[in-house]
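What follows is a single structure, written as structure tokens, with notes after it.
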Amino acid sequence: MPTLNRPALLVSAPASGQGKTLVTAALARAWRNQGHTVQAFKCGPDFIDGMILQTATGRPVYNVDLGMCGLDDGKAQLYRAAETADVLIVEGVMGLYDGIPSTADLAKAFNLPVALVIDASGMAQTFAAVAAGLYAFDSVLVRAGVIANKVGSLGHATMLQAALTTVIPSTPWLGALLKDQRLCLPERHLGLHLADEITDLEVRIAAAAQLLAENNALPLPPITDFAAPMATHPPPLLRGKTIAVARDAAFCFIYPANIDCLIALGATVVYFSPLHDVALPDADAYWLPGGYPELHADIISQNNSLREGLGNAVQAGKPLLAECGGMMVLGEALNGVPMCGLLAGQSVIQAKLQGLGTQYLDTPTGTIGAHTFHYGRFDTDIPPAFIASSRYGQGEAVYRQGVVTASFLHFYFPSNPIFAAQLFLP
């Protein structure tokens with residue numbers, strides 16, 4: 001397959017909380033408004049930002065991450081996107097150089113030009129110094145331009161643009177967003193609110209896109225080459241199997257690449273809602289992904305027929321994977337509210353973060369990448385079947401009780417499709 005070239009951009013910042021997600025969504029929407037098909041990605045293992053970017057682009061958002069997903073997976077994802085999209089845009093994670101590997105490492109690995117979002121509130125000429133310093137820290141990075149966020153006025157934006165032009169004249173000015181609650185996104189303990197919960201999300205994205213694309217003429221990002229990946233075809237270990245996946249406001253942390261992987265393994269994927277459905281769909285295996293079950297514990301607890309259905313499925317020997325929030329729901333109680341009782345243990349949401357970061361699980365079929373990010377604590381006497389590892393040492397436990405596999409980990413199936421298939425086989 002030939003190398004493809006497309007306009008592409010990676011959006012980063014000096015730190016978290018600078019407004020990367022809304023700016024990325026606004027850029028994507030502005031190019032979409034100009035008639036381009038835009039494919040967005042999220043650097044790192046985040047779920048929530050991708051849901052917002054999907055609203056902006058109208059397309060599923062995939063993760064590219066050198067840690068959890070790996071270099072080869074990133075190459076494959078970007079190339080596949082270049083086959084069907086006119087423009088590719090990647091939202092970074094944290095600050096440009098934060099983490100190992102960092103957003104900057106990912107930009108260099110895939111030759112992605114970097115645009116900077118800088119919160120300019122309380123800043124004047126120092127704005128240009130911050131941008132210049134970020135780019136100078138690693139001169140290999142391609143400079144795609146700078147966006148000023150939370151400016152006080154049009155005059156403030158003009159001052160920032162003039163300073164940027166003076167200090168680093170070869171760097172494009174990509175526009176500014178005013179400091180306005182309508183140009184921000186609400187947050188909670190795991191990050192931004194879910195896209196479906198922000199009732200005026202479409203209005204916010206449209207307004208930000210209009211500000212960045214005056215006269216409907218936002219220039220496209222620089223052209224980037226994407227090399228064809230080596231073709232890989234996982235064995236059809238799940239051929240003829242139906243996997244039912246919980247998907248609603250309580251269970252929504254699902255990597256699109258995981259669904260693609262199950263389908264590539266031969267599975268048929270169906271969905272159900274523990275919040276709204278009264279019957280469990282007929283399937284060969286079940287998956288309760290993470291999400292926000294603690295916000296919907298009473299509804300889940302009262303859905304007796306569906307909870308009984310999960311119990312009957314487990315008794316029938318049907319495999320069940322429960323990740324993070326899914327594991328807390330399978331336990332006996334969540335914040336004191338009765339849950340399914342299929343795992344011996346209780347969960348309580350804590351005031352402080354209990355787990356964060358990329359982890360790896362060594363299995364008989366090789367290593368699988370995963371991620372953890374939770375405030376929950378699961379107290380159980382079940383001995384771990386596996387224990388993951390991270391660059392900081394011991395990671396999350398993985399529990400196995402009969403046909404149930406449960407952990408605070410969110411697995412990235414494409415990093416080990418064979419192990420992923422085995423999670424759904426008796």
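The values are calculated or read from the model by the stated rules, or taken from the named source; none is laboratory data. These numbers were taken from a predicted model, which means no experiment stands behind them. Quick reminder, even Gly has a Cβ in these numbers, built from the backbone with ideal geometry, and neighbours come from all protein chains shown.
Go through region 133-177 and give me each residue that's basic (Lys, Arg) and closer than 17 Å to ALA26 by Cβ.
LYS150
Conditions (1) without any contact (Cβ under 8 Å) to a residue 24 or more places away in the chain; (2) out of contact with any His (no Cβ under 9 Å at 6 or more places or on another chain); (3) of a type in the set (Val, Ile, Thr), marked per residue:
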{"position": "PRO293", "(1), (2), (3)": "no, yes, no"}
{"position": "GLY309", "(1), (2), (3)": "no, yes, no"}
{"position": "ALA316", "(1), (2), (3)": "yes, yes, no"}
{"position": "GLY325", "(1), (2), (3)": "no, no, no"}
{"position": "LEU343", "(1), (2), (3)": "no, yes, no"}
{"position": "GLN346", "(1), (2), (3)": "no, yes, no"}
{"position": "LYS352", "(1), (2), (3)": "yes, yes, no"}
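Exactly one condition in (1) without any contact (Cβ under 8 Å) to a residue 24 or more places away in the chain; (2) touching a Gly at 6+ places or on another chain (Cβ under 8 Å) is not met by LEU356; state its number.
For LEU356, the exception is condition (2).
Can you tell me how many residues within region 256-304 are of a type outside the set (A, V, I, L, M), farther than 22 Å from ARG80 by Cα and either assigned to a helix (DSSP H, G or I) or not assigned by TED's automatic domain parsing to the domain that holds LEU330 (or both)?
Adding up the residues that qualify gives 6.
If the requirement is being hydrophobic (A, V, I, L, M, F, W, C) and under 29 Å from GLN77 (Cα atoms), which of these qualifies: ALA297, ALA333, ALA316, ALA322?
Selected residue: ALA322, the only one of ALA297, ALA333, ALA316, ALA322 that is hydrophobic (A, V, I, L, M, F, W, C) and under 29 Å from GLN77 (Cα atoms).
Conditions first: (1) surrounded by fewer than 19 Cβ atoms within 10 Å (Cβ to Cβ); (2) assigned to a loop (DSSP other than H, G, I, E, B). THR171 passes all but one, so which condition is the exception?
With respect to (1) surrounded by fewer than 19 Cβ atoms within 10 Å (Cβ to Cβ); (2) assigned to a loop (DSSP other than H, G, I, E, B), THR171 is out only on (1).
Consider region 387-418. How many of its residues are surrounded by fewer than 20 Cβ atoms within 10 Å (Cβ to Cβ), in contact with a Ser or Thr (Cβ under 7 Å, 6 or more places away or on another chain) and over 24 Å from ASN335 (Cβ atoms)?
Final tally of qualifying residues: 2.
Just one of (1) assigned to a strand (DSSP E or B); (2) under 13 Å from ALA322 (Cβ atoms) trips up ILE382, so point out which.
(1)
Please work out if ASP46 is touching a Gly at 6+ places or on another chain (Cβ under 9 Å), acidic (Asp, Glu) and without any contact (Cβ under 8 Å) to a residue 60 or more places away in the chain.
No; evaluated as a whole, the condition is false for this residue.
Looking at region 81-107 only, could you name the residues that are modelled with pLDDT under 95 and either more than 17 Å from the chain's Cα centre (by Cα) or among the basic types (Lys, Arg) (or both)?
Within region 81-107, just ILE100 meets the criteria.
Name, by its number, the condition in (1) touching a helix residue (DSSP H, G or I) at 6+ places or on another chain (Cβ under 8 Å); (2) within 15 Å of LEU218 (Cβ to Cβ) that does not hold for HIS36.
(1)
Looking at region 305-323, which of the residues that are in contact with a helix residue (DSSP H, G or I) (Cβ under 8 Å, 6 or more places away or on another chain) and not in a helix (DSSP H, G or I) is surrounded by the most Cβ atoms within 10 Å (Cβ to Cβ)?
Across region 305-323, the extreme among qualifying residues is ALA322.
Being part of a helix (DSSP H, G or I), more than 20 Å from ALA8 (Cβ to Cβ) and free of Cβ contacts under 8 Å to residues at least 60 places away in the same chain is the filter here; which residues of region 100-130 pass it?
Selection gives THR126, PHE127, ALA128, ALA129.
Where in region 179-255 are there strands (runs of 3 or more DSSP E), lying fully within it, with 3 or more residues that are out of contact with any helix residue (DSSP H, G or I) (no Cβ under 7 Å at 6 or more places or on another chain)?
Output list reads 223-226, 242-246.
Among the listed residues GLY326, GLY357, which satisfies the condition of being closer than 20 Å to ALA249 by Cα and not in a loop (DSSP other than H, G, I, E, B)?
When all the criteria are applied, what remains is GLY326.
Are any residues in region 22-39 hydrophobic (A, V, I, L, M, F, W, C) and either surrounded by fewer than 23 Cβ atoms within 10 Å (Cβ to Cβ) or in contact with a Pro (Cβ under 9 Å, 6 or more places away or on another chain) (or both), and if so, which ones?
If the condition is that a residue be hydrophobic (A, V, I, L, M, F, W, C) and either surrounded by fewer than 23 Cβ atoms within 10 Å (Cβ to Cβ) or in contact with a Pro (Cβ under 9 Å, 6 or more places away or on another chain) (or both), then LEU27, TRP31 are the ones that fit.
Considering each of ILE198, ILE259, ILE254 in turn, give the residue that is modelled with pLDDT under 90 and crowded, with 18+ Cβ neighbours inside 10 Å.
The unique qualifying residue is ILE198.
For region 1-58, which positions are hydroxyl-bearing (Ser, Thr, Tyr), at pLDDT 95 or above and not in a helix (DSSP H, G or I)?
SER12, THR37
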